[in-house]
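A short worksheet on the structure shown next.
The values are calculated or read from the model by the stated rules, or taken from the named source; none is laboratory data. If you're wondering where the values come from, they're calculated on a predicted model, not measured in any experiment. For neighbour counting, all protein chains shown are included, and Cβ atoms are generated from backbone atoms with ideal geometry for every residue, glycine included.
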Amino acid sequence: MIIIMGPNADRDDINHVIDRVKSSGLQAHVIEGEAQTIVGVVGTPIPPSLQENLETLPGVNEVVRVSTKFKLSGRDFHPHNTRITINPQGAPAGTPPVVIGGDAITVIAGPCSVESEEQIMESARGVRAAGAVALRGGAYKPRTSPYEFRGLGEKGLEFLAKARAETGLAIITEVMTPADVELVGQYTDIFQIGARNSQNYLLLEEVGKAGKPVMLKRGLSMLVEEWLMAAEYVMAQGNPDVMFCERGIRTYETATRNTLDVSAVPVVKKLSHLPILIDPSHAAGKRAFVDSLSLAGIAAGADGLMIEVHPDPDHALSDGAQTISVDEFNILMPKIAAVAAAVGRTVPATSAVAD
Ligand code: PEP
Ligand code: MN
């Protein structure tokens, strides 16, 4: 159910509506548009008298019953693209915010894993100088084998925060379990939900409560519909700042690690107002293909890229084969900017902070 407020509705009118919805044991999500405000009702069951009841409240224009599946992530009641604005926590004064879903595409880069302080600082300086606005790096790694490097844990988070304090780059790092959300949330600017956890509903709800933007990687065999439903889990907890990341799905093809589903970009864009990024690295599995997949993603209309970049990829502790060097990233960035320009997007100018 959605409640469409009239053009003259004021704050008190909206608050009355919210109180009435809440008193029925339901949640109210307010969507403020330029011309009008809409209140979305989430939850069940909706008492039969609620619609009539709401229609009599001051400021209410119309109450409409809806059956759309994607109540919060879908475009039906939120036609305009969502822009997520991030002010990197503890970055140097003057660091511009990172905007995801705006005119400019967002390039996030960094190693698969945080391996040491030196490695993450060198990565951060390198990717920032090349034009990235955010730094990736896993401190908790979901490895296929339990005997492989599984991350530095909190030490890794500390190193990421140090890199942000010097370079101003926003940071994104994976959280694997609800028990770690609080700790990871003390450091990160964006929670990354990995492909293996994309339907871990308790984890999705926990990051939904944490009040920081969330990147939802697509699961290995996840339908687009299921992906949007995962976003609903986060958003239903009151967190509107969700973005998707297509990182390849599992198909019969073995020439690449996964198959990049480029078509997911226009499909998601049609269904949802949330930003979508491409991770060419986990799709390719081989560094030789990272450039092509990056450019294809931007050409298809993605809002950004998340690319694995390491100062010495051949000695990376995880995903080295699909990781490009800082030098290769420097060569790729102008190509990304050229394709972005060709599809009417820009790349943000690097800030003047800490060169
Ligand atoms: C990663 O980003 O390093 C990662 C583990 O990605 P995914 O969850 O997409 O496999
Ligand atoms: Mn990786």
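For Arg136, state whether it is under 23 Å from the mean Cα position of the chain (by Cα) and at pLDDT 95 or above.
Here the answer is yes, as Arg136 does meet what is asked.
Residues to consider are Met215, Met243; find the one that is part of a strand (DSSP E or B), within 16 Å of ligand 1 (Cβ to nearest atom) and either in contact with a helix residue (DSSP H, G or I) (Cβ under 8 Å, 6 or more places away or on another chain) or over 25 Å from Lys155 (Cβ atoms) (or both).
Met243 is the lone residue from the list that is part of a strand (DSSP E or B), within 16 Å of ligand 1 (Cβ to nearest atom) and either in contact with a helix residue (DSSP H, G or I) (Cβ under 8 Å, 6 or more places away or on another chain) or over 25 Å from Lys155 (Cβ atoms) (or both).
Criterion first (surrounded by fewer than 24 Cβ atoms within 10 Å (Cβ to Cβ), assigned to a helix (DSSP H, G or I) and aliphatic (A, V, I, L, M)) does Ala283 satisfy it?
So Ala283 does not fit the description; no.
Name the residues in segment 321-332 that are assigned to a helix (DSSP H, G or I) and either within 12 Å of ligand 1 (Cβ to nearest atom) or buried (at least 21 other Cβ atoms within 10 Å of the Cβ) (or both), would you?
Taking segment 321-332 and keeping what is assigned to a helix (DSSP H, G or I), we get 321-322, 326-332.
Listed by number, the residues that qualify are Gln322, Phe329, Leu332.
Restricted to segment 116-132, and to residues that are buried (at least 24 other Cβ atoms within 10 Å of the Cβ) and within 16 Å of ligand 1 (Cβ to nearest atom), which residue is nearest to Lys269 (Cα to Cα)?
Ala132
Quick one: in segment 172-208, of everything that is within 22 Å of Asn87 (Cα to Cα), part of a helix (DSSP H, G or I) and within 15 Å of the chain's Cα centre (by Cα), which residue is nearest to ligand 2 (Cβ to nearest atom)?
Filtering first and then ranking leaves Val207.
Please tell me if Ser145 is free of Cβ contacts under 8 Å to residues at least 12 places away in the same chain, in the same structural domain as Ala349 (by TED's automatic domain parsing) and within 16 Å of ligand 1 (Cβ to nearest atom).
On the way: free of Cβ contacts under 8 Å to residues at least 12 places away in the same chain: yes; in the same structural domain as Ala349 (by TED's automatic domain parsing): yes; within 16 Å of ligand 1 (Cβ to nearest atom): yes.
Yes.
So, of the residues in segment 290-313 that are within 15 Å of ligand 2 (Cβ to nearest atom) and without any contact (Cβ under 8 Å) to a residue 40 or more places away in the chain, which turns out to be surrounded by the most Cβ atoms within 10 Å (Cβ to Cβ)?
This residue is Leu293.
Taking Leu260, is it more than 15 Å from the chain's Cα centre (by Cα), surrounded by 17 or more Cβ atoms within 10 Å (Cβ to Cβ), within 16 Å of ligand 1 (Cβ to nearest atom) and not β-branched (Val, Ile, Thr)?
yes
Select from segment 277-292 the residues that are acidic (Asp, Glu) and within 13 Å of ligand 1 (Cβ to nearest atom) and list them in ascending order.
Of segment 277-292, the ones acidic (Asp, Glu) are 279, 291.
Across segment 277-292, the qualifying residue is only Asp279.
Consider only pairs whose beta carbons are under 9 Å apart and that are at least six residues apart or on different chains; among these, list those whose first residue lies in segment 187-212 and is not assigned by TED's automatic domain parsing to the domain that holds Glu225 and whose second residue is surrounded by fewer than 19 Cβ atoms within 10 Å (Cβ to Cβ) and of a type in the set (D, E, K, R).
Within 9 Å, no pair qualifies.
Here's a check for you: in segment 263-277, which residue that is in a loop (DSSP other than H, G, I, E, B) and surrounded by 20 or more Cβ atoms within 10 Å (Cβ to Cβ) is farthest from the chain's Cα centre (by Cα)?
By that ranking, first place goes to His273.
Failed condition for Ala163, given (1) part of a loop (DSSP other than H, G, I, E, B); (2) in contact with a strand residue (DSSP E or B) (Cβ under 7 Å, 6 or more places away or on another chain), with all others met?
(1)
Regarding segment 263-270, can at least one residue be identified that is at pLDDT 95 or above, within 13 Å of ligand 1 (Cβ to nearest atom) and out of contact with any Lys or Arg (no Cβ under 9 Å at 6 or more places or on another chain)?
Initially, segment 263-270 is screened for residues at pLDDT 95 or above, giving 263-270.
Narrowing the set further to residues that are within 13 Å of ligand 1 (Cβ to nearest atom) leaves none.
Within segment 263-270, not a single residue is at pLDDT 95 or above, within 13 Å of ligand 1 (Cβ to nearest atom) and out of contact with any Lys or Arg (no Cβ under 9 Å at 6 or more places or on another chain).
As an exercise: evaluate Leu295 against (1) hydrophobic (A, V, I, L, M, F, W, C); (2) within 16 Å of ligand 1 (Cβ to nearest atom); (3) in a helix (DSSP H, G or I); (4) over 21 Å from Ile172 (Cα atoms) and give the number of the one condition it does not meet.
(2)
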